[in-house]
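Encoded as structure tokens, the structure appears first; notes follow it.
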Amino acid sequence: MVKRWFSFLHDNWVGVILTMTLILFFVYLYAFFRNGHYGEHYDLASCWAGVGAIAAAAATGWGKWIVDSKLNSVDGQMPAKQGGKD
């Protein structure tokens, strides 16, 4: 069952990320209106701090991939292995 779940996540990762983003947006929107209309005190900044941290990590990984794949290897060839036996 776990293997099927991971297979589903692997095959549908874009949809899963979009669904999670929509859920996060609606939860934030609900908390935003609860703060304004009913005087609740939800800490909305912490929500965006987490999203910002995830986005920064994703941008860093994407940048590393661009540098490694585009600038550190010959176009159309796999990069040379380093530090180990073949």
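Residues that are open to solvent by 80 Å² or more (accessible area, probe 1.4 Å) and not in a helix (DSSP H, G or I) within region 1-26 comprise just one, MET1. Of everything in region 27-68 that is more than 20 Å from the chain's Cα centre (by Cα) and among the small types (Gly, Ala, Ser), the residue that is least open to solvent (accessible area, probe 1.4 Å) is ALA31.
The values are calculated or read from the model by the stated rules, or taken from the named source; none is laboratory data. Computed from a predicted model, the values in this text were never measured in an experiment. Calculation scope for accessible area: heavy atoms of the full protein, side chains included, ligands and nucleic acids excluded. Shrake-Rupley method; radii C 1.70, N 1.55, O 1.52, S 1.80 Å.
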